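Visitor: One structure is given below, represented as structure tokens, and several questions about it will come after.
The values are calculated or read from the model by the stated rules, or taken from the named source; none is laboratory data. This is a predicted model, so every value here is computed, not measured. Quick reminder, even Gly has a Cβ in these numbers, built from the backbone with ideal geometry, and neighbours come from all protein chains shown. Heads up: the accessible areas ignore ligands, DNA and RNA and are worked out on the full protein's heavy atoms, side chains in. Shrake-Rupley method; radii C 1.70, N 1.55, O 1.52, S 1.80 Å.
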Amino acid sequence: MKIQYYIISMFCLLLIGCNPKWDFDSELFEPQIVVEGWIENGQFPLVCLTQTKSLNNSIGENDLNDLAIRWAKVSVSDGTKTAILTGRINKNYIPPFIYTGSEIRGEVGKTYTLTVEYSGRTVTAETYIPQPVNLDRIEVDKCEDSDTLFQIRGYFQDDKTAHNYYKVFTRTLPDDTRFFAPFLGTFNDNIISEDMSEASISIYRGVHFITTEKHTPFYKRDETVMIKFAQMSEEGFLFWSDYENEVTNKKNPIFPNSSNLRSNVKGGLGVWCGYGVSNYTVNIAEELTKKDSASKER
């Protein structure tokens, strides 16, 4: 899935132009492999790899391309078949390099093991793809304080017999070249009351961290919004909720207050996550026209 928001990209952008002086011995520093990988139903796996850097090193905008690990052996197994992923340049991401393949597509209910071998180190992670949950309906409404911005809300049925974890991704056309995750786009069913017959969520614009200063969570009339509504594993939820908590509270996820972000990557950092996805496309203008027509018919 073209996530929204590469964790490495975000980390790097927070440090662009910084040259802090740390009292650490960089000669003792051992870099760790950092993973952001995912596989969704019906799609091929995608993996981004970088390495941690010593706190004595500065990161400038021109250094971002060099953060990617380009010569790793990356494989994904579904328990029966193992596929070797190929690294390739993809300028939709920062750093612009990603591993993918064409032999294994994600299937609901299957477990997938990721193995990364690089520079004498091996990291592994395991995930599965949960059953997708459908949105029963999607509504578009005008924002209260604006005549030009609109908000989207989705409605769905949460399975009360299980503990479920959800994530939203959006791609806003014509500008976005891939999916991004919005703030407050990661949640579990603890926020859904037991007596609610129907759960609802706000579907905000995905955050592109290069343009955060101009960011609005809402949409314009002439935009089309592609939505991925995903159910994920608990491990994925823990990682992304930790990340969002740090960013929402304006802290730095590279240096969290008391501990690292929770990870399911053994021998490294980051996340390998399976997503059970349902997809939707919403044309803001068309939805508003339908709503106006329905209101007039009443």
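Visitor: Leaving ligands, DNA and RNA out of it, work out the accessible area of V47 with a 1.4 Å probe and give it in Å² to the nearest 10.
Guide: 0
Visitor: A further question on this structure: Under 5 Å between amide hydrogens, which residues at least 5 positions from C143 or on another chain qualify, with H placed 1.01 Å from N in the peptide plane?
Guide: Amide H neighbours of C143: L149, F150, Q151.
Visitor: Between R221 and N188, what length comes free when the chain is fully extended (0.36 nm per residue of separation minus the Cα-Cα distance, one decimal in nm)?
Guide: Going from the current span to full extension adds 8.8 nm.
Visitor: Do any of K110/K167; K220/K290; K160/K290; K91/K228 go past 26 Å between their Cα atoms, and which?
Guide: The answer is K160/K290.
Visitor: Given a cut-off of under 8 Å on Cα pairs at least six residues apart, what relative contact order in percent is computed for the range 37-175?
Guide: So the answer I get is 19 percent.
Visitor: Also, I was wondering about something else. Could you grab the relative contact order for the range 116-217? Cα pairs under 8 Å, six or more apart, rounded to a whole percent.
Guide: 23
Visitor: Ranked by accessible surface with a 1.4 Å probe, highest first, in what order do V76, V247 come?
Guide: Correct descending sequence by accessible area is V247, V76.
Visitor: Moving to a separate point now. What's the FRET efficiency of Y155 with I89 using the Cβ-Cβ distance as r and R₀ = 41 Å, to the nearest 0.05?
Guide: In this case the efficiency is close to 0.55.
Visitor: Related question: Could you give each residue of the range 263-270 its phi-based ³J(HN,Hα) in whole Hz, using Karplus coefficients 6.51, -1.76, 1.60 with θ = phi - 60°, and x for Gly or Pro?
Guide: 9, 9, 8, 7, x, x, 10, x
Visitor: Also: If R₀ is 30 angstrom, what is the calculated FRET efficiency for the pair N260 and T281, using the beta carbon separation as r and rounding to 0.05?
Guide: That pair, N260 with T281, gives E of 0.20.
Visitor: For the range 60-183, just run the numbers: alpha carbon Rg, then divide by 2.2 N^0.38 Å, N being how many residues it has.
Guide: With N residues counted in the range 60-183, Rg over 2.2 N^0.38 Å equals 1.42.
Visitor: Under a crude label model (7 Å from the Cα following the beta-carbon direction), how far is N134 from A294 in nanometres?
Guide: About 1.7 nm separates the two model spin labels.
Visitor: Another question about this same structure. With +1 on the Cβ of every Lys and Arg and -1 on the Cβ of every Asp and Glu, and nothing else charged, how large is the dipole of the range 94-147 about its Cα centre, in debye rounded to the nearest 20? Working shown, then result.
Guide: Working: 5 positive and 10 negative charges, 102 e Å.
Computed about the Cα centre, the dipole is about 480 debye.
Visitor: Can you pull a Stokes-Einstein diffusion coefficient for the range 145-188 at 10 °C (1.306 mPa s), Rh from Kirkwood over Cα pairs, as a whole number of µm²/s? Please report the intermediate quantities before stating the final value.
Guide: On the way: Rh = 13.2 Å.
Rounded, D is 120 µm²/s.
Visitor: Shifting gears a bit: List the residues, sorted by chain then number, that are 5 or more residues from R205 or on another chain and whose placed amide H is less than 5 Å from its amide H.
Guide: Amide H neighbours of R205: F218.
Visitor: Right, next: Below 16 Å, Cα to Cα, which aspartates and glutamates can K214 reach? Residues fewer than 8 away in the same chain don't count.
Guide: D175, D176
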